[in-house]
1. Looking at (1) closer than 13 Å to residue 501 by Cα; (2) crowded, with 22+ Cβ neighbours inside 10 Å; (3) free of Cβ contacts under 8 Å to residues at least 40 places away in the same chain, find the lone condition where residue 447 falls short.
2. Any idea which of 356, 398 is assigned to a helix (DSSP H, G or I) and either surrounded by 17 or more Cβ atoms within 10 Å (Cβ to Cβ) or touching a helix residue (DSSP H, G or I) at 6+ places or on another chain (Cβ under 8 Å) (or both)?
3. Among the candidates 617, 546, single out the residue that is at pLDDT 95 or above and farther than 23 Å from residue 314 by Cα.
4. Would you please list the contacts, defined by Cβ atoms under 8 Å and residues six or more apart or on different chains, that run from a residue in the range 542-558 that is on the phi > 0 side of the Ramachandran plot to a residue that is in a helix (DSSP H, G or I)?
5. Just to verify a result, which residue in the range 230-269, among those that are more than 31 Å from the chain's Cα centre (by Cα) and touching a residue at least 40 places away in the same chain (Cβ under 8 Å), is nearest to residue 289 (Cα to Cα)?
6. Any residue at all in the range 87-100 that is surrounded by fewer than 17 Cβ atoms within 10 Å (Cβ to Cβ) and touching a residue at least 40 places away in the same chain (Cβ under 8 Å)?
7. Restricting attention to the range 174-188, which residues are out of contact with any strand residue (DSSP E or B) (no Cβ under 9 Å at 6 or more places or on another chain) and in a helix (DSSP H, G or I)?
8. Condition first: assigned to a helix (DSSP H, G or I) and in contact with a strand residue (DSSP E or B) (Cβ under 9 Å, 6 or more places away or on another chain). Can you find one or more residues in the range 544-554 that meet it?
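The values are calculated or read from the model by the stated rules, or taken from the named source; none is laboratory data. The model shown is predicted, which means the values in this text are computed figures rather than measured ones. Here the Cβ positions follow ideal geometry from the backbone for every residue, glycine too, while neighbour counts run over all protein chains shown.
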């Protein structure tokens, strides 16, 4: 099927409708925030947390259970992303949460879940974090879980496996978990999980001369030590871990603004004797309520929990979209958003300063409150948005931009690339530990983040700087043999390629150069017959899915942004634009059920509800030339 080239008037009307829809979603305070959808483990673990703390209510339970049931697939499973395969651990946690809500194990939906769990190896094959939740209620023995000694907190920063070898999201989770795993609570539920067991024999130990075998034997030693620890040392470790946790609580009560460290920190403090009315615990529980989404459905109200919230990210992308669509740089909505972003600048050191102690603060985080963990990706995109705004206080704006650029340059890793939250967070040894069976636990440089920083440096006329040149070299070295780039924080090669091509062209790599031509050819080869682009989350685990998937608005826009940056005015571009125009809803938005965001590649996927709007607006605006050729003001000049 070949789509005709879109008529300019139709494309302009589609863009105008999308812009109006985006403007209508801006908060009076200036920010945008779309829902960040994940999977039902958030809701299952929320119920289990409340049960453990003794605060679970009938209303919360009924609403969450209604949501969990609504997400079950016909085969009885729960997936971690739309259209994905059933996930063993997610299905186990959902089943336990529904049992907590009173669902009869003999009901057909429960029996279908059990059949899947047993067929895939039972609870014995679930991830460690699922079995930790079961152990909290006596449904799994703590002795059969990897030991996590709190003495980890004492390891010096130069020593392997110290807490700063972990990515920020992992270290914030591991430190409180060492407290929980040391105290080994077990608060029985009125039901068991025998139905979920396969009763298969435990696997044999891995050979000694392998990382897995070595760590299995180290784990056995740690278990023996935990039965008879050095008392004063252990008590000091527990106290130091608690102090570490408390020092990292954010103003909104969260830890890092994300669910895993948040719930485990609450569990740790509770087990250490902090009462529910203690200010830290109370703030943590109150903060969780702000992450709750309630929605009326034909079956009644459902309750679901966001794993995180993305207002800074959403706002800077929305501002860029409006400017790409031709908004005046002094537009009141744009200036209001800029004011809000300026107020969100982080001016205090965080964990990042462990490896960059002499670097001055300056940057932005993802969430409303996350002063300890700004990230280079948000900072780059905020700078790219702010510097195009004609702000009434240009000196204030320029100061924030300069600090953000300086901080990002200082966060460059030794190899020339950029990770998201830390510099040189590349020690892979922690990935070999027995409890690292879920998600990414280190934060090495990635193509998408590096591309955004390089594009920022190019916009600031710093293409000749050592930082930019090294970043470009890193990106060229990271290009895949097929011409694409891997996407760490978005799915997947379409995201990586969609980010890298505009960055390289902005940094001076000629559009007719071999790397850009190979990337263009890859995108054109992977365009769907309907004119759009899509890449399934399964591409992270199965290479046959790379560049393949149902067309989505966000991924189609990423491909278009790359092709347009490469100077393409081709049939592929016209067909992609036509797909966006033809699939637009009457209200100016687009539907996007498929997940195109990534938390942990292949393990934790995200549907950013604003992606389906901001990226198509940018793509259509640049296609129509409303962005002025993506021209940006010279450094220090507001327009």
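1. (3)
2. On the way: 356 fails: assigned to a helix (DSSP H, G or I).
Of 356, 398, the one residue that is assigned to a helix (DSSP H, G or I) and either surrounded by 17 or more Cβ atoms within 10 Å (Cβ to Cβ) or touching a helix residue (DSSP H, G or I) at 6+ places or on another chain (Cβ under 8 Å) (or both) is 398.
3. Values: 617 fails: farther than 23 Å from residue 314 by Cα.
One residue alone meets the criteria, 546.
4. From the range 542-558, the pairs are 547/493; 547/494; 547/522; 547/525; 547/539; 549/539; 549/555.
5. So the first thing to find is which residues in the range 230-269 are more than 31 Å from the chain's Cα centre (by Cα), and the list is 230-236.
This time we only want the ones that are touching a residue at least 40 places away in the same chain (Cβ under 8 Å), so: 233-234.
Working: 233: 37, 234: 34 Å.
Per the criteria, the residue is 234.
6. From the range 87-100, those surrounded by fewer than 17 Cβ atoms within 10 Å (Cβ to Cβ) are none; that's our starting set.
The answer is no; no qualifying residue exists.
7. In the first step, residues of the range 174-188 are kept if they are out of contact with any strand residue (DSSP E or B) (no Cβ under 9 Å at 6 or more places or on another chain); the result is 174-175, 177-188.
Within the range 174-188, 174, 175, 177, 178, 179, 180, 181, 182, 183 qualify.
8. Residues of the range 544-554 that are assigned to a helix (DSSP H, G or I), as a first pass: 544-545, 553-554.
Remaining after also requiring in contact with a strand residue (DSSP E or B) (Cβ under 9 Å, 6 or more places away or on another chain): 554.
Taking every residue of the range 544-554 in turn, at least one turns out to be assigned to a helix (DSSP H, G or I) and in contact with a strand residue (DSSP E or B) (Cβ under 9 Å, 6 or more places away or on another chain).
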